[in-house]
1. Going by a ≥ b ≥ c, the root eigenvalues of the Cα gyration tensor, does the stretch 1-79 fall in the rounded group (a/c under 1.5), the prolate group (a/b larger than b/c) or the oblate group?
2. For a Förster distance of 25 Å, can you work out the FRET efficiency between the beta-carbons of residue 147 and residue 16, rounded to the nearest 0.05?
3. When all alpha-carbon pairs of the stretch 3-159 are counted, what percent fall beyond 21 Å?
4. If you take the beta carbon distance between residue 69 and residue 91 as r and set R0 to 25 Å, what does 1/(1 + (r/R0)^6) give as a FRET efficiency, to the nearest 0.05?
5. Arrange the following residues from fewest to most other Cβ atoms within 10 Å of their Cβ: 66, 50, 35, 149.
6. Mind ordering 99-112, 127-140 by average Cβ neighbours within 10 Å, highest first?
7. Let me have the 222 nm mean residue ellipticity of the chain computed from DSSP H runs of 4+ only, each contributing -39500 (n - 2.57), with the sum over all residues rounded to the nearest 500.
8. Sorted by mean Cβ packing within 10 Å, highest first, what order do the peptides 76-87, 51-62 take?
Amino acid sequence: MHKGKVPFLVKGLESLAVIEMFVLSLFVFAQIVLRNLGAVVPVWLDEGARLAHVVMVYLIVPILFREGLHLAVDTFIKLFPKKIQKVAGLFTLLCCFLFGVFFLYSSYDLLWVKGIWSVPTPAILMPSFFLYLGPILGVTLSLVFIYERIWLLFTKKEE
């Protein structure tokens with residue numbers, strides 16, 4: 001959509017998301033085959049597939065936002081003059097930014113202050129930190145891209 005200051009993050013995110021999609025596909029395929037062959041599926045496959053899905057979704061969201069491929073309900077706002085549209089867009093971006101900051105603070109509080117980070121997951125006994133890492137990384141990168149969008153909003157020449 002636009003040239004920004006952080007294209008290296010986008011390439012890294014895309015690569016990581018593709019790897020996650022491959023892992024998810026592999027886990028789901030293995031589940032289907034094992035269920036049909038022997039009606040027995042290791043529990044770790046199910047938990048691994050859920051983890052890969054969560055991480056993939058949270059990594060894709062910042063990419064879609066940055067490229068302008070997210071769902072924007074702006075039909076009502078488009079009725080107003082450009083200046084009001086810009087103010088409404090800025091307000092929306094600031095609300096999203098504040099939500100992201102609140103999310104990261106709550107994650108910090110849950111994982112480190114409450115000590116949940118080392119609690120193992122039920123099936124594969126992986127520390128919970130890795131379960132929450134995808135959302136934390138995704139929201140952090142969303143904050144970077146929201147900041148970039150706010151910066152572009154103020155530095156872009158009027159068309």
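Rule-based calculations on the coordinates, nothing more; no lab input. None of the values given here were measured: they were computed from a predicted structure. Here Cβ is always computed from backbone atoms with ideal geometry, including for glycine, and neighbour counts include all displayed protein chains.
1. Details: a/c = 4.26, a/b = 2.16, b/c = 1.97.
Note, shape of the stretch 1-79 comes out prolate.
2. Calculated value: 0.75.
3. 58
4. Plugging the Cβ-Cβ distance into 1/(1 + (r/R0)^6) gives 0.70.
5. Fewest-to-most Cβ neighbours within 10 Å comes out as 35, 50, 149, 66.
6. 127-140, 99-112
7. Roughly -25500 deg cm²/dmol at 222 nm, from the helical runs in the chain.
8. Details: 76-87: 10.7, 51-62: 20.4.
The most tightly packed comes first, giving 51-62, 76-87.
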